[in-house]
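The values are calculated or read from the model by the stated rules, or taken from the named source; none is laboratory data. Quantities reported herein were computed from a predicted structural model and do not represent experimental measurements. Neighbour counts are summed over all protein chains in view; Cβ atoms, including those assigned to glycine, are modelled from backbone coordinates with ideal geometry.
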Amino acid sequence: MDMKHLIPIFVIFFFMSTTSASVALAPSSSDTQSFSFSKPQGDQTFSILSTDVDPKLQKICGETDYPIECLTTTIPFLDENVAIIPVSILKIETDAIHNKTKEAIDKAYEFSMNPSTSRLLPLCLKTCINNYNAILESKQRIFDAISIRDANELSMELSHNMEHVFACEDEFKEAKIKSPIAELNSLLVKIITNNKNVAINLVLVLKIEIDVTNSKTKEALDKASELSMNPLPQGLKNCINNYNAILESKQRIIDAILSGDTSQLSMELSYSVENIFVCEDVFKEVKIKSLITKLNSLFIKVKPFT
């Protein structure tokens, strides 16, 4: 079944799951503010709907705080050309934040043009529009952070977006006016929260792929050591040295991922790939068929660039 055909079903359940959501802002332990949501119904709904969802998308959205919103804002933009991986979902959800923010701006302008019983309402809406515009301006910075896998920058931009939504709602709270755009703000917070969840998972995926790379390098090292007992030890000795260099880089790569140091990460991964090519080049130079080409090829395929 085409997942786009499921949208009407998702939308029905989406509104059912959000009607009970409380949009009141309450201070947290860190003196920041957050929307308070009732989540059990949403989780139950997700378990009902997830049988018709691509397992990979189900896994990614299932690990977010608001899986229903993850599905409803993602599925319409998926086709056979979109790989269902964390990076793709991050980009789609970033577009969803952008589109919902534009919708919120339109709503704010609409309400500001209508006669109001409170003279403070237009002032509150003006503050909201300024904050929404700040969110729109962050889109390219978020895309740039996703492209270079800068987890720190991505987290910072998403956190700023969350603060902009809270700042909008704070205006109504301080003026003691009911927010006419609370529902849209509530949805924005959910989408932004989900994007932060996926960003965290992206870092975990990178770490897992590093572990896979490390495991395959050890396998190649063992194979090269075994073959070096036969003739042709010189070429294999170079390979063994290069494999050891790759193993030694593992902690530096993990440190670069955790610190968001994309330059260091790119450099370390490039060195690892070069070490593999150098290994294969040794066999080419002496015009001997490499006995570990298959392992070297597999290593290149599992390198954590995507």
Looking only at the stretch 102-112, decide whether some residue is closer than 30 Å to Ser179 by Cβ, hydroxyl-bearing (Ser, Thr, Tyr) and surrounded by fewer than 21 Cβ atoms within 10 Å (Cβ to Cβ).
yes
Discussion item. Based on this model, can you work out whether Thr51 counts as in contact with a helix residue (DSSP H, G or I) (Cβ under 6 Å, 6 or more places away or on another chain) and either assigned to a helix (DSSP H, G or I) or modelled with pLDDT of 55 or more (or both)?
Written reply: no
The lone condition Thr94 fails out of (1) within 14 Å of Cys168 (Cβ to Cβ); (2) touching a helix residue (DSSP H, G or I) at 6+ places or on another chain (Cβ under 6 Å) is (1)
Restricting attention to the stretch 54-89, the residues that are crowded, with 23+ Cβ neighbours inside 10 Å and aliphatic (A, V, I, L, M) number exactly 4
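Being touching a Leu at 6+ places or on another chain (Cβ under 8 Å), modelled with pLDDT of 95 or more and either over 25 Å from Asn197 (Cβ atoms) or of a type outside the set (Gly, Ala, Ser) (or both) is the requirement here; does Ile68 meet it? Full working, then the answer.
On the way: touching a Leu at 6+ places or on another chain (Cβ under 8 Å): yes; modelled with pLDDT of 95 or more: no; either over 25 Å from Asn197 (Cβ atoms) or of a type outside the set (Gly, Ala, Ser) (or both): yes.
Considered against the rule, which asks whether it is touching a Leu at 6+ places or on another chain (Cβ under 8 Å), modelled with pLDDT of 95 or more and either over 25 Å from Asn197 (Cβ atoms) or of a type outside the set (Gly, Ala, Ser) (or both), Ile68 comes out as no.
On the given criteria, is Val282 assigned to a helix (DSSP H, G or I), hydrophobic (A, V, I, L, M, F, W, C), modelled with pLDDT of 75 or more and surrounded by 13 or more Cβ atoms within 10 Å (Cβ to Cβ)?
Values: assigned to a helix (DSSP H, G or I): yes; hydrophobic (A, V, I, L, M, F, W, C): yes; modelled with pLDDT of 75 or more: no; surrounded by 13 or more Cβ atoms within 10 Å (Cβ to Cβ): yes.
No.
Here's the yes/no breakdown for (1) in a loop (DSSP other than H, G, I, E, B); (2) touching a helix residue (DSSP H, G or I) at 6+ places or on another chain (Cβ under 6 Å):
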site	(1), (2)
Gln140	no, no
Asp144	no, no
His160	no, no
Phe166	no, no
Glu171	no, yes
Lys178	yes, no
Here the qualifying pairs (Cβ atoms under 9 Å; residues six or more apart or on different chains; first in the stretch 168-179 and among the hydroxyl-bearing types (Ser, Thr, Tyr); second in a helix (DSSP H, G or I) and crowded, with 18+ Cβ neighbours inside 10 Å) come out as Ser179/Cys124; Ser179/Cys128; Ser179/Cys168; Ser179/Glu169; Ser179/Glu171; Ser179/Phe172; Ser179/Asn185
Going by what's in this entry, would Thr94 be described as of a type in the set (S, T, N, Q), surrounded by 14 or more Cβ atoms within 10 Å (Cβ to Cβ) and either at pLDDT below 90 or not in a loop (DSSP other than H, G, I, E, B) (or both)?
yes
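Okay, residues lined up against (1) β-branched (Val, Ile, Thr); (2) modelled with pLDDT under 75; (3) part of a helix (DSSP H, G or I):
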{"position": "Asn230", "(1), (2), (3)": "no, yes, no"}
{"position": "Gln234", "(1), (2), (3)": "no, yes, yes"}
{"position": "Asn241", "(1), (2), (3)": "no, no, yes"}
{"position": "Gln264", "(1), (2), (3)": "no, no, yes"}
{"position": "Asn275", "(1), (2), (3)": "no, no, yes"}
{"position": "Lys287", "(1), (2), (3)": "no, yes, no"}
Residues of the stretch 146-190 being among the β-branched types (Val, Ile, Thr) and within 19 Å of the chain's Cα centre (by Cα), in sequence order, are Ile146, Ile148, Val189
